Amino acid sequence: MKKQNILTVCLLCLLFLGLGGLVSTHAQKIKWNKVKILVYTKNGKGYVHDNIANSKVAILALGKQHGFAVDTTSDPSKFTDENLKQYDCLVFSNTNNDVFDTDAQRVALMRYIQAGGNFVGLHSASGTERKWRWFKDLLGGTFFWHEPGQSFSVKILDPKNPSLAHLGKEWPRQTDEFYFIKELGVNLNVLAVNDHSTIQKPAGKALDTFGNVFPSVWWHEYDGGRSFYSSLGHQKEDYEKEDLRKHILGAIEWAIGPQKPRNYSKAYATSPQDPVRNSIPALSK
């Protein structure tokens with residue numbers, strides 16, 4: 001085996017074991033008729049994805065198909081303790097840039113997670129609240145750059161996770177954006193990686209931290225709650241396809257984990273800058 005190949009294998013092992021540790025990914029059965037989620041689609045000043053409408057249609061259809069309730073909003077005033085406590089999961093679908101009007105709304109999100117709430121970020125959610133340390137750590141990092149939209153391959157590291165169980169060893173993306181994320185957390189459970197060696201038209205800003213691959217799907221526990229992120233799903237047509245819909249459904253299922261109500265006696269945040277008490281922070285400041 002060539003030295004380069006040995007290095008690649010070692011890096012993949014570090015991705016799956018070093019970043020996230022060896023964890024059980026046995027999915028617990030969700031009682032979907034007891035689930036209620038909020039899909040948030042607010043965008044601040046800057047680029048707005050044209051896939052947002054289709055993503056809402058897709059998640060509403062999943063709710064109808066599997067029997068769970070779905071609310072959608074782009075209104076940040078919905079972020080209050082009283083409103084958020086009803087939801088088993090918050091899905092930030094292609095949010096981008098600053099998506100809150102007040103620090104009180106940010107604190108409400110913090111308190112929801114600290115109370116045992118759950119979070120799913122889709123695609124450009126990694127570009128959300130880029131100057132807010134707590135949110136970047138909740139998601140697992142923050143957007144750095146993406147290759148121009150084109151085909152590439154996704155390597156599945158955990159085929160038992162419900163977000164990926166319907167796929168094979170690789171997930172060919174006909175047209176998508178290969179994301180690079182900076183300020184990665186040190187305790188991420190990486191489920192899939194994009195393979196940069198399959199990019200045909202690289203544009204020169206690729207991070208080689210992990211050789212030719214880069215994390216694209218992960219989850220972790222954070223500040224009392226659970227967080228799941230997938231960088232995939234740029235094209236609006238993707239949300240009409242069964243493979244991405246099953247990916248999103250499995251992400252919601254995994255984020256919810258053992259179903260339990262929120263416990264606001266554990267929520268402690270009073271400011272967006274409050275230090276996290278029980279999670280490993282990202283490496284970068």
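The values are calculated or read from the model by the stated rules, or taken from the named source; none is laboratory data. Just so we're clear, the structure is a prediction, and the values are computed from it rather than from any experiment. Backbone-built Cβ (ideal geometry, glycine too); neighbour counts: all protein chains shown. The area values use the complete protein model at the heavy-atom level, side chains included, leaving out ligands, DNA and RNA. Shrake-Rupley method; radii C 1.70, N 1.55, O 1.52, S 1.80 Å.
Remarks
- Selection status of Asp238, among the charged types (D, E, K, R), crowded, with 22+ Cβ neighbours inside 10 Å and within 19 Å of the chain's Cα centre (by Cα): yes
- Residues of the stretch 106-133 that are open to solvent by 10 Å² or more (accessible area, probe 1.4 Å) and more than 20 Å from Ser265 (Cβ to Cβ): Arg106, Arg130, Lys131, Trp132, Arg133.
- Meets criteria (open to solvent by 40 Å² or more (accessible area, probe 1.4 Å), in a loop (DSSP other than H, G, I, E, B) and in contact (Cβ under 8 Å) with a residue 12 or more places away in the chain) for Lys246: no
- Residue within the stretch 184-206 that is acidic (Asp, Glu) and open to solvent by 20 Å² or more (accessible area, probe 1.4 Å) present: no
- Restricted to the stretch 207-217, and to residues there that are of a type in the set (A, V, I, L, M, F, W, C) and more than 18 Å from Leu139 (Cα to Cα), the residue that is least open to solvent (accessible area, probe 1.4 Å) is Val213.
- Each residue in the stretch 147-174 was checked for being hydroxyl-bearing (Ser, Thr, Tyr) and either over 13 Å from Ser230 (Cα atoms) or open to solvent by 30 Å² or more (accessible area, probe 1.4 Å) (or both), and 2 of them qualify.
- Single residue of the stretch 95-128 satisfying the filter (polar (S, T, N, Q) and within 21 Å of Ser77 (Cβ to Cβ)) that is farthest from the chain's Cα centre (by Cα): Thr102
- Selection status of Phe100, among the aromatic types (Phe, Trp, Tyr), over 19 Å from Gly225 (Cα atoms) and surrounded by fewer than 19 Cβ atoms within 10 Å (Cβ to Cβ): no
- Cβ-Cβ contacts under 8 Å between residues 6 or more apart (or on different chains), taken from a first residue in the stretch 219-234 that is touching a residue at least 60 places away in the same chain (Cβ under 8 Å) and polar (S, T, N, Q) to a second residue that is surrounded by 24 or more Cβ atoms within 10 Å (Cβ to Cβ) and assigned to a loop (DSSP other than H, G, I, E, B), are listed as Ser227/Gly140; Ser230/Ser163.
Rundown of residues vs (1) over 16 Å from the mean Cα position of the chain (by Cα); (2) part of a strand (DSSP E or B); (3) more than 22 Å from Gln273 (Cβ to Cβ); (4) among the hydroxyl-bearing types (Ser, Thr, Tyr), yes/no style:
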site	(1), (2), (3), (4)
Arg130	no, no, no, no
Leu138	no, no, no, no
Phe152	yes, yes, yes, no
Ala165	yes, no, yes, no
Arg173	yes, yes, yes, no
Gln200	yes, no, yes, no
Ala203	yes, no, yes, no
